[in-house]
1. Kindly provide the set of residues from the range 260-278 that are assigned to a loop (DSSP other than H, G, I, E, B) and crowded, with 20+ Cβ neighbours inside 10 Å, ordered by number.
2. Out of curiosity, is ILE139 touching a residue at least 60 places away in the same chain (Cβ under 8 Å) and surrounded by 19 or more Cβ atoms within 10 Å (Cβ to Cβ)?
3. Within 15 Å of the chain's Cα centre (by Cα), under 17 Å from PRO28 (Cβ atoms) and open to solvent by 60 Å² or more (accessible area, probe 1.4 Å), is that true of LYS159?
4. Looking at this structure, is HIS80 out of contact with any strand residue (DSSP E or B) (no Cβ under 8 Å at 6 or more places or on another chain), more than 22 Å from THR248 (Cα to Cα) and open to solvent by 10 Å² or more (accessible area, probe 1.4 Å)?
5. Given the options VAL3, VAL87, VAL27, name the one that is within 20 Å of the chain's Cα centre (by Cα), more than 14 Å from LEU136 (Cα to Cα) and among the hydrophobic types (A, V, I, L, M, F, W, C).
6. So which strands (runs of 3 or more DSSP E) are wholly in the range 1-101 and hold at least 1 residues that are within 26 Å of GLN127 (Cβ to Cβ)?
7. Looking for whichever is part of a loop (DSSP other than H, G, I, E, B) and under 22 Å from TYR43 (Cα atoms) here; the options are LEU136, LEU167. Which one fits?
8. Of the conditions (1) among the aliphatic types (A, V, I, L, M); (2) within 16 Å of the ligand (Cβ to nearest atom); (3) surrounded by fewer than 21 Cβ atoms within 10 Å (Cβ to Cβ), LEU17 fails just one. Which one is it?
Amino acid sequence: MYVFDAIDPLREYLFNLKQTDTTIAFVPTMGALHNGHESLIKYAQTLADEVIVSIFLNPIQFAPNEDLQCYPRPLHDDKHLCKNLDVSALFLPSEATIYPSNSLLTQVTVPTLSTLYCGQSRPNFFQGVTNVVIRLFNIIQPHYSVFGEKDYQQFVIIKTCVQNLFLPITVYSVPTIRDSNGLALSSRNNYLSDTEKNEASSIYQSLCLVKEAVSNGIHDSLSLNRLIKNNLSDSIAIDYIAYVDADTLLPSQTIKKGNRVLFAGTLNQTRLIDNLAI
Ligand code: PAF
């Protein structure tokens, strides 16, 4: 596995691959890799000849009061996992490589979608995500890129950005990987005790009840929200519950099959998000 921390040698490597018509799939990550990332990498390997993974803990997508300082950084284990998975190349840029001085004079945002749902309580988050992802896309210029459905709003925003900017990249999403109790895998689960992980699994269980209720003919958000609240662990504070069109992310007027239910909450200061096709 090649490991690059600078742009020029990575580009030289990619240039040589492209000379031989090799296809490239790209999986951007912030590290602390788990089985969810593993499934993104494995899916990317089905799409392209070579898979590039980046690990970059993007500071501009964290607000000052968020967990940038304590975010897990098990770089040694991450490298090991990528090597074992036969990743072709790992890109480990520094902050100065991605954001040299004045580079944020140019910003890419999807303003309307970025202020909805998670954007309400994390106002700069999606702008931080689109800015780093577009920079990584420009550096790597992959044919394909793969994101997790767990961050469903992020996936739709990135897809929109790629479409609006005519980037020749096909963006795929991969279903959420879950613990045996249903808890969606996330690097932030590292902050939870075993008891809290069990409590957090009530999120997925509640979303499953919503799916079942909609298929049984319940279509109003009040009843569906009540169902979630009745089944959710008391230790979880709800940030939002939204029923949205799966393509546009706009709120559904009539909740129906094919929509998506999005959820965010906090458990003892750990932010947890999940979503499900209904
Ligand atoms: O989902 C993530 O891990 C991050 O938001 C991403 C897409 C790597 C951008 O920093």
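The values are calculated or read from the model by the stated rules, or taken from the named source; none is laboratory data. This one's a predicted model, so the numbers in the text were calculated from it and none came from an experiment. All Cβ positions, glycine included, derive from the backbone under ideal geometry; neighbour counts span all protein chains shown. Heads up: the accessible areas ignore ligands, DNA and RNA and are worked out on the full protein's heavy atoms, side chains in. Shrake-Rupley method; radii C 1.70, N 1.55, O 1.52, S 1.80 Å.
1. Step one: list which residues in the range 260-278 are assigned to a loop (DSSP other than H, G, I, E, B), which gives 268-269, 278.
Answer for the range 260-278, where residues must be assigned to a loop (DSSP other than H, G, I, E, B) and crowded, with 20+ Cβ neighbours inside 10 Å: just ILE278.
2. It is true that ILE139 is touching a residue at least 60 places away in the same chain (Cβ under 8 Å) and surrounded by 19 or more Cβ atoms within 10 Å (Cβ to Cβ).
3. Yes: the conditions hold for LYS159.
4. Yes, satisfied.
5. Exactly one of VAL3, VAL87, VAL27 is within 20 Å of the chain's Cα centre (by Cα), more than 14 Å from LEU136 (Cα to Cα) and among the hydrophobic types (A, V, I, L, M, F, W, C), namely VAL87.
6. Values: elements: 2-4, 24-29, 50-55, 89-91.
Output list reads 24-29, 50-55, 89-91.
7. Working: LEU136 fails: part of a loop (DSSP other than H, G, I, E, B).
Answer to the check: LEU167.
8. Of the numbered conditions (1) among the aliphatic types (A, V, I, L, M); (2) within 16 Å of the ligand (Cβ to nearest atom); (3) surrounded by fewer than 21 Cβ atoms within 10 Å (Cβ to Cβ), the odd one out for LEU17 is (2).
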